[in-house]
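Okay, so here's the structure we're looking at.
Every number here is computed from the coordinates shown, using simple stated rules; none is lab data. As the structure is a computational prediction, the values presented were derived from the model and not from experiment. Cβ placement follows ideal geometry from the backbone for every residue including glycine, while neighbour counts extend to all protein chains displayed.
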Amino acid sequence: MRILVTGATTQTGSLAVRALVRDGYAVRCLVHSDEQRRFLPPTGVEIVRGDLEQPEGLRAALQGIDVVAQIAHIRFAPSLIAVCKEMGTRRVIFFSSTRLYTKFDSLSARQVREGERAIEASALDYTILRPSMIYGSRRDNNISRLIRYLRRHRVFPLIAGGKNLVQPVFVLDVVEALRQAIKQPATVRSAYTLAGPEPMTYRAMIETIARGLGRRATLLPVPLAPALWAVRCYETIARQPRVTREQIRRMAEDRAFDIALARRELDFAPVAFEEGVRRQIAGEIDAVWADDATAKKSVAREPRDA
């Protein structure tokens, strides 16, 4: 079976590529530039340059492909659906997001909803995977920031007291769900929410990270309204703000999810957050890319046949 992976150089994508190669699939990766290749295995994958918004490159990437693992952002779903229809590719695993469930209107939430509507209206044999906050390495955009902050600081501000519920999911559990979705015909035209085994408060999540780091953190409750005002001021002066009002609002929103369907149909068995963050702090997944970088140097030094 030949599988095309988009978003192959992301944290989740690069680990998925390795898993699919180990499973014996012929894996092709769609990448934007040569610079991105450093996150891919040194051997065993075919790399095609292209862009999800450029039909010409997509046609070339889809040539001879049996399954697409669309790990790139769901906003690209409509363009991929159009080219899949043209090329006769029917089986696509789409990555969406639990942002689908937020009660706050935002561009990111609208993109998720519009992407899923396009998928459901298509004639594809699709499966939709909706991960919550994915964590596991220095390349995630969430837990890695908290780890860095807690390593440097003793006081941690908790928006609205950190009472809201969260349910982050370990990246290798997401990769395993993808593997199962490819193997299981029953997942066609179904959608699955992927999250940790159970929700916890944001405060408990911070305490777990601090405990994993062997540090004591003073947790300082911050009311929501002043936090929103401060971030609004920050957004007006920062060219690329690291924190937005949308993020602050979502920090006061419960993000707890039902994963029963994924457990039943994908054999989804996510690790507890305490175990996952321990593995992240230990650098388990970061070591994968370090080992591959060493392997790539060795491959580059090997003598070529005359």
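Taking other C-beta atoms within 10 Å as the exposure proxy, ASP286, ASP105 rank ASP105, ASP286 from fewest upward.
The order of the peptides 133-141, 50-58 by mean Cβ neighbours within 10 Å, most packed first, is 133-141, 50-58. Which label belongs to the value computed from this structure, given these candidates for Kirkwood radius over Cα pairs in Å: [x] 20.7; [y] 20.2; [z] 24.2? So the calculated entry is the one marked [x]. Bridging of LYS85 to aspartates and glutamates at a Cα separation below 12 Å is possible for ASP125, once same-chain residues fewer than 8 apart are set aside.
Remark: spin-label model distance ASP51-ALA19 equals 3.1 nm, labels positioned 7 Å along the Cα→Cβ axis. Once each part is reduced to its C-alpha centroid, what is the distance from the stretch 10-73 to the stretch 109-131 in angstrom? Centre-to-centre distance over Cα atoms comes out at 20 Å. Sorting 74-85, 234-245, 116-127 by average packing, meaning the other beta carbons within 10 Å per residue, from highest down gives 74-85, 116-127, 234-245.
By the count of other C-beta atoms within 10 Å, a proxy for reagent exposure, TRP289, TRP229 are ordered fewest to most as TRP229, TRP289. DSSP beta bridges confined to the stretch 2-298 are antiparallel in about 5 percent of cases. The DSSP beta bridges internal to the stretch 108-245 are antiparallel in roughly 15% of cases. Per-residue 3J(HN,Hα) values for the stretch 199-210, derived from phi via the Karplus relation 6.51 cos²θ - 1.76 cosθ + 1.60 with θ = phi - 60°, read x, 9, 6, 4, 4, 5, 4, 5, 4, 5, 5, 4 Hz in sequence order (x marks Gly and Pro).
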